[in-house]
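No lab work stands behind these numbers, since they all come straight from the coordinates. Since the structure is predicted, the reported quantities are computational estimates derived from the model, not experimental observations. Virtual Cβ from ideal backbone geometry, glycine too; neighbours counted across all protein chains shown.
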Amino acid sequence: MPKGPSDFTVLMERVRGGSPEAAAELVERYEPLIQNVVREKLHPKLRSKYDSLDFMQSVWASFFTREVHRAEFSEPKKLVAFLSRLARRKVIDAFRRRLQTIKHDVDVEHSLESTFVFKRPWCLWSDDPSPSQVAVAAEEWDRILADQPPLYRAIFVLLRRGRTHEQIATKLGLSEKTVHRVVRRVQMRLQT
């Protein structure tokens, strides 16, 4: 806490003068008081949504942007009272937004597991391949195609696009048996 009213007055003058060191000293002196007010007033249901540091930063932001030059704090008690009121209002506003409005009401929040039906309710990951798996598969695909003659490449590109053996044979002027034989031959080479 401040050593005396004169020390406090000098500190406030330095803060109003724009001294970052004075601002840091002011925060260091009075932050524990604000933190106590926030923790005392913060509703238990909001503790998982907010950290007391969020409110403290909001209080200091309001104080330094608007109030430091407007209000005259002649003694530490007046500053403490002001900061405490400001902290209470910030907590009350958060309470009203999060518990008294339908949009953000924490009482109607549900876990993902209770909201959605999962094949495996204990896991929230997708069965889709990860980006790294997609990249590895693309590299492997490019490597396989690079080792094939042009006709084989054309067949596999069309297969990858979802064409049937019959459609590929028609498009490339081959018999359906030839397409089937090429696919089987490449598969057998890849398995060895």
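Projected label points at residue 141 and residue 166, each 7 Å from Cα along the beta carbon direction, are separated by 2.6 nanometres.
With the simple model of a label 7 Å out from the Cα in the direction of the Cβ, residue 9 to residue 35 spans 3.1 nm. For the listed peptides 173-179, 183-189, a ranking on the average number of other beta carbons within 10 Å per residue, highest first, reads 173-179, 183-189. Taken one residue at a time, the phi angles of region 72-79 give Karplus couplings (6.51, -1.76, 1.60, θ = phi - 60°) of 9, 10, 7, 8, x, 4, 5, 5 Hz. Gly and Pro are set to x. Here the spin labels are modelled as points 7 Å beyond Cα on the Cα-Cβ line, and at residue 134 and residue 74 they lie 6.8 nm apart. In a DSSP loop and with at most 16 other Cβ atoms within 10 Å, the trypsin sites (Lys or Arg not before Pro) in region 7-89 are 47, 49.
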